[in-house]
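Notes follow once the structure below has been shown.
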Amino acid sequence: MTLAVCADVGSTYTKAAVVDLAAGVLVGVAAAPTTVGSDVLRGLDAAVTAATAGLGLRDVPWYVCSSAGGGLRLAVIGYEALVTAQAGRRVGLSAGAHVVHTGAGRLDAAALAALRAARPDVVLLVGGTDGGDADTIRHNATRLGRARWRTPVVLAGNADVRAELTALLRDAGVPVSSADNVLPRIGVLTPASARAAIRAVFLRHVIGGKRLSRGTRFARLVRAATPDAVLTGVEVLADTIGGDLAVVDVGGATTDVYSVLTPDERASGPGREVAGSLWRARTVEGDLGMRWSAPGVVRAAVEERLLTDAGDLTAAAERRAADPAFLAADDAERAVDARIATLAATVALRRHARGVATGERAGRDLRDVRLLVGSGGVLRHAPADASGRVLAAVLADHAGGWAVPRAARAVVDVDYVLAAGGLLAEEHRTAAQALLRHHLCPQ
């Protein structure tokens, strides 16, 4: 067998999987607590050792993604809030970032202070279509240079001034990378170049800068931020099934939703989004989670009229937020977890479909979604009938103001192969496709 190790270093647990590249199947899986408090390599090595036990592996390539230490914190500064700044935000989410700040217009003292207060790992500086306004992005680059800004900047605005502003920032001591304009023309969103640049900055600056490990080995191993790897896996899966796809990942602190939709030629007409349409997208709901954000789930469910009497569930959610390591030990507590997961997934899909998090006026049309994939520990570790009920509730949500999928199947990523598929996609695409097909599209 030709094998590869794929691992995700998460905030709480590190998951490792051994993939048979020829057959596209898993031959070993394991998890270990992420050892952020000492050195993340301890937890990573423990997970890989457990996953490879008995296989006698030597010189097997490792493919690692990470969201440890809070993942990738991104700030976006654009020319206009509803156009370039919104386009930049969508691109940042697609790159696996947690967008902690979005600003628009000329940076002044207050705006610069707000940017610093957000503590981003990377700033995405955008603005102006190609050949359009250049004054605002020039002003903002100059302001960052004069402020002795030292957080890495990805410059992805008006191509006419790209070289000029890259040199300006570099001469001022600002770590800068340049990329193609995220919005070269009104209504045309081009994320690939900026997404690649953000990924490179994440690997070069963020992983080492968070001091998650001594030495350079961990930085050499990591290839992507976890959400970036997962979105790549989702893209490969969508291409494999040849249709629209959605994923809802219910975590302890956030609930992420990914969707890959077939481009609609009508999106280029008079009613098109001025900030462009991102047909492969991710949204992050920071107030929806199983532990740290559990109280936010209850509040959001009440606002969405999914709950009328939240009394008991509020108390249970607050207990989980106070003790994020809480484990449901009996059927009653497991039922509470399932209820919170159902509400988190339902609200997150509603927001994603409405375009709340992406700023899309028309939202995202999920009616043609063929496959809904559930992910997250609460679904992976639940009995199949319990996790199935969570996803069935999402597909039956006809009161949320969004068009639910007309004929979707629902599966749970029990073996956590989306991240592995994303990690393998660049070098072993055929194996990635086979892995995702085998584990998520059983006949």
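The values are calculated or read from the model by the stated rules, or taken from the named source; none is laboratory data. Since the model is a prediction, treat every value here as computed from it, not as a measurement. Here the Cβ positions follow ideal geometry from the backbone for every residue, glycine too, while neighbour counts run over all protein chains shown. Just so you know, the surface numbers come from the protein's heavy atoms only, side chains and all, with ligands and any DNA or RNA stripped out. Shrake-Rupley method; radii C 1.70, N 1.55, O 1.52, S 1.80 Å.
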If you take the residues of the range 65-84 that are surrounded by fewer than 24 Cβ atoms within 10 Å (Cβ to Cβ) and of a type in the set (A, V, I, L, M, F, W, C), which of them is nearest to residue 111 (Cα to Cα)? 81
Some residue of the range 27-37 being in contact with a helix residue (DSSP H, G or I) (Cβ under 6 Å, 6 or more places away or on another chain) and buried (at least 23 other Cβ atoms within 10 Å of the Cβ): yes
For the list (1) outside any helix (DSSP H, G or I); (2) over 25 Å from residue 125 (Cβ atoms), I need the number of the one condition that residue 235 fails. (1)
Listed residues 159, 179, 147; which is more than 22 Å from residue 91 (Cβ to Cβ) and of a type in the set (A, V, I, L, M, F, W, C)? 147
Answer with yes or no whether residue 100 is out of contact with any Cys (no Cβ under 7 Å at 6 or more places or on another chain), free of Cβ contacts under 8 Å to residues at least 60 places away in the same chain and either of a type in the set (S, T, N, Q) or within 19 Å of residue 233 (Cβ to Cβ) (or both). no
Pair list, Cβ under 6 Å, 6 or more apart: the range 323-349 residue free of Cβ contacts under 8 Å to residues at least 12 places away in the same chain, other residue assigned to a helix (DSSP H, G or I) and open to solvent by 10 Å² or more (accessible area, probe 1.4 Å): 328/334; 328/337
Per the filter on the range 285-314, residues within 20 Å of residue 400 (Cβ to Cβ), in contact (Cβ under 8 Å) with a residue 12 or more places away in the chain and either among the polar types (S, T, N, Q) or open to solvent by 30 Å² or more (accessible area, probe 1.4 Å) (or both) are 286, 287, 293, 299, 304, 305, 306
Of the residues in the range 410-441 that are part of a loop (DSSP other than H, G, I, E, B) and within 17 Å of residue 5 (Cβ to Cβ), the one that is most open to solvent (accessible area, probe 1.4 Å) is 426
Among the residues of the range 369-401, how many are acidic (Asp, Glu) and surrounded by 15 or more Cβ atoms within 10 Å (Cβ to Cβ)? 1
Breaking point among (1) open to solvent by less than 50 Å² (accessible area, probe 1.4 Å); (2) not in a helix (DSSP H, G or I), for residue 53: (1)
Applying the selection to the range 247-288, what residues are at pLDDT 85 or above and either in a loop (DSSP other than H, G, I, E, B) or among the small types (Gly, Ala, Ser) (or both)? 251, 252, 253, 254, 259, 261, 262, 281, 286, 287, 288
Any residue in the range 108-126 that is small (Gly, Ala, Ser) and modelled with pLDDT of 95 or more sitting within a Cβ distance under 8 Å of a residue that is surrounded by 12 or more Cβ atoms within 10 Å (Cβ to Cβ) and outside any strand (DSSP E or B)? List the pairs, counting only those 6 or more apart or interchain. 111/105
With (1) farther than 14 Å from residue 66 by Cβ; (2) of a type outside the set (Gly, Ala, Ser); (3) open to solvent by less than 20 Å² (accessible area, probe 1.4 Å) as the list, and residue 21 as the residue in question, which single condition is left unmet? (3)
Taking the range 57-112 and keeping residues in a loop (DSSP other than H, G, I, E, B) and within 16 Å of the chain's Cα centre (by Cα) leaves 67, 71, 72, 95, 96, 97
In the range 316-331, the residues that are part of a helix (DSSP H, G or I) and touching a helix residue (DSSP H, G or I) at 6+ places or on another chain (Cβ under 6 Å): 316, 317, 318, 320, 321
